[in-house]
Amino acid sequence: MITTTDDSARTEHSSMSKKLILLMSLACGMAVANLYYNQPLLADMGRSFHATAHQVSNIAMFTQIGYAVGMFIFVPMGDMKERRLLIAGLLIAVTISLIGIATAQNLLWINLASFAVGVTTVVPQIILPLAAQLAAPVERGKVIGNIMGGLFIGILLARTVSGLIGGSLGWRTMYWIAAAMMLALAIILQTFLPKSYPESRLSFAGLYKSIGHLIVTQPVLREASLIGAMLFGSFSIFWTSLSFFLEGEPYHYGSEVAGLFGLIGIVGVMGAPIVGRLADRFNAKTMVGLLIGICLFSYLFFGFLGTSLWALFVGVVLLDLGVQGAQVSNQTRIYSLIPEARSRLNTVYMVSYFLGGSLGSTLSGYAWSWWKWQGVCVTGGIMIVIALIIWAAHRTKT
């Protein structure tokens with residue numbers, strides 16, 4: 001039986017301080033960045049290990065698969081364990097995993113270390129349900145949007161920072177710096193995060209069994225998860241191949257410039273808090289459909305005008321706005337379904353999301369190897385069209 005404690009029930013009607021929201025936003029951005037440092041550096045890593053584009057794209061794939069595995073293992077524990085200690089422990093583990101990448105001597109080593117980084121970098125997906133628990137219902141979408149804004153900026157700045165550091169100091173230096181940051185973050189969050197109260201008294205076996213029950217009984221969760229998987233797959237397709245595209249005709253740019261594209265995407269990410277507010281006021285399902293259309297429009301820029309730098313800029317802004325905005329809307333939808341099961345709902349959604357991302361990274365490697373940039377654009381566009389079909393076919397109203 002699922003029960004809710006008096007303490008957690010009281011947090012449902014309290015407001016979060018701006019300082020706490022800012023801390024959670026920064027923590028999510030810093031932690032999630034670990035997943036994306038490799039994308040502008042893939043070409044450099046490939047040269048270090050004498051690997052092909054397809055082989056080195058597996059680094060991104062293993063990272064995202066690891067993230068999906070880590071979410072399935074650790075994120076549901078947020079419903080039954082004290083989240084602050086869980087977060088600090090995972091940050092120590094990811095510190096060790098990042099050192100593993102920094103010291104990698106071959107492709108097998110770096111693939112295994114990247115998988116470990118993915119497994120242990122699930123802290124943002126524990127912080128988000130904690131924020132949903134602490135926020136008052138009337139401001140939940142705004143709070144989630146603000147924290148997701150920090151997370152999205154972390155995703156994009158990760159590419160910029162890693163591109164600049166990797167281009168000047170080498171890709172290994174980036175991972176030593178990341179390890180130091182995660183150790184510092186573990187100490188800060190253990191000190192300043194509020195103690196949380198478990199929202200469920202299920203056993204471990206009952207907890208994981210209930211995840212299957214949620215998938216079967218919650219159509220909104222199924223729809224949101226499938227759409228999220230397809231959109232993030234299209235997102236990964238673009239970013240995984242971008243460094244290969246930019247180092248060839250007509251651009252001839254290095255990893256530094258590939259990373260700087262992350263700064264452009266921040267323009268789109270700035271819309272995440274606005275999307276969160278709109279999701280509080282208007283129909284979230286309608287918002288998702290609109291944002292899928294924006295994603296599709298971005299790929300039209302990439303495919304038809306990708307050899308023009310301004311078209312890449314516009315496309316990046318649209319893609320980031322569409323993908324991240326749809327995620328905010330979808331998470332607002334699922335967090336309202338069963339309050340005491342938010343970590344498990346988030347597990348289903350985010351595991352699906354990153355399995356879609358790992359599929360996108362794999363398809364990107366094949367598409368680039370076989371058909372270069374046009375193949376990448378067609379493959380990404382197909383995933384977005386599938387998301388649109390799923391959105392149109394499901395009859396959920398919220």
Hits in the range 72-128 - residues which are closer than 22 Å to Gln331 by Cβ and not in a helix (DSSP H, G or I): Met80, Lys81, Thr121, Val122
State which residue is modelled with the lowest pLDDT when the search covers only the range 1-24 and only residues that are surrounded by fewer than 23 Cβ atoms within 10 Å (Cβ to Cβ) and closer than 30 Å to Ser162 by Cα. Lys18
Looking across the range 54-69 at residues that are modelled with pLDDT of 90 or more and out of contact with any Leu (no Cβ under 8 Å at 6 or more places or on another chain), the single one that is surrounded by the fewest Cβ atoms within 10 Å (Cβ to Cβ) is Val69
Which members of the range 70-95 meet the condition of being in contact (Cβ under 8 Å) with a residue 60 or more places away in the chain and aliphatic (A, V, I, L, M)? Met71, Val75, Met77, Met80, Leu85, Ile87, Ala88, Leu91, Ile92, Val94
Scanning the range 141-172 for residues that are surrounded by 24 or more Cβ atoms within 10 Å (Cβ to Cβ) and either among the charged types (D, E, K, R) or assigned to a loop (DSSP other than H, G, I, E, B) (or both) gives Arg159
Just to verify a result, which residue in the range 292-312, among those that are touching a residue at least 60 places away in the same chain (Cβ under 8 Å) and farther than 22 Å from Lys372 by Cα, is surrounded by the most Cβ atoms within 10 Å (Cβ to Cβ)? Ile292
With the requirement that a residue be modelled with pLDDT under 90 and closer than 24 Å to Met270 by Cα, what does the range 162-194 give you? Gly163, Leu164
Within the range 322-377, residues modelled with pLDDT of 85 or more and among the aromatic types (Phe, Trp, Tyr) come out as Tyr349, Tyr353, Tyr366, Trp368, Trp370, Trp371, Trp373
What tally of residues in the range 224-253 results from selecting those that are under 16 Å from Leu355 (Cα atoms) and surrounded by fewer than 22 Cβ atoms within 10 Å (Cβ to Cβ)? 1
Could you list, in sequence order, the residues of the range 96-128 that are among the hydroxyl-bearing types (Ser, Thr, Tyr), surrounded by 22 or more Cβ atoms within 10 Å (Cβ to Cβ) and more than 16 Å from the chain's Cα centre (by Cα)? Ser97
Please go through the range 343-357 and pick out each residue that is surrounded by fewer than 24 Cβ atoms within 10 Å (Cβ to Cβ) and small (Gly, Ala, Ser). Ser352
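Could you identify the single residue in Gly315, Gly360 that is crowded, with 22+ Cβ neighbours inside 10 Å, more than 17 Å from the chain's Cα centre (by Cα) and assigned to a helix (DSSP H, G or I)?
Details: Gly360 fails: more than 17 Å from the chain's Cα centre (by Cα).
Criteria check complete, one pass: Gly315.
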Among the residues listed as Ala184, Ala178, Ala131, the single one being surrounded by fewer than 18 Cβ atoms within 10 Å (Cβ to Cβ) and part of a helix (DSSP H, G or I): Ala184
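Inspect the range 326-334 for any residue being under 20 Å from the mean Cα position of the chain (by Cα), touching a residue at least 40 places away in the same chain (Cβ under 8 Å) and within 18 Å of Tyr299 (Cβ to Cβ) and give the result as yes or no.
Filtering the range 326-334 down to residues under 20 Å from the mean Cα position of the chain (by Cα) leaves 326-334.
Narrowing further to those that are touching a residue at least 40 places away in the same chain (Cβ under 8 Å): 326-334.
Filter once more, keeping what is within 18 Å of Tyr299 (Cβ to Cβ): 326-327.
Yes, because at least one residue in the range 326-334 is under 20 Å from the mean Cα position of the chain (by Cα), touching a residue at least 40 places away in the same chain (Cβ under 8 Å) and within 18 Å of Tyr299 (Cβ to Cβ).
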Residue hits (the range 331-351; part of a helix (DSSP H, G or I) and in contact with a Lys or Arg (Cβ under 9 Å, 6 or more places away or on another chain)) are Thr332, Arg333, Ile334, Tyr335, Ser343, Val348
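Of everything in the range 281-291 that's in contact (Cβ under 8 Å) with a residue 24 or more places away in the chain and either charged (D, E, K, R) or touching a helix residue (DSSP H, G or I) at 6+ places or on another chain (Cβ under 9 Å) (or both), which residue is surrounded by the fewest Cβ atoms within 10 Å (Cβ to Cβ)? Give the steps one after another, and end with the answer.
Applying the first criterion (in contact (Cβ under 8 Å) with a residue 24 or more places away in the chain) to the range 281-291 yields 283-285, 287-289, 291.
The next check asks that each one be either charged (D, E, K, R) or touching a helix residue (DSSP H, G or I) at 6+ places or on another chain (Cβ under 9 Å) (or both); those that pass are 284-285, 287-289, 291.
Working: Ala284: 27, Lys285: 21, Met287: 22, Val288: 29, Gly289: 16, Leu291: 27.
For the range 281-291, the residue satisfying everything is Gly289.
The values are calculated or read from the model by the stated rules, or taken from the named source; none is laboratory data. Predicted model only: the values in this text are computed from it and were never measured. Neighbour counts are summed over all protein chains in view; Cβ atoms, including those assigned to glycine, are modelled from backbone coordinates with ideal geometry.
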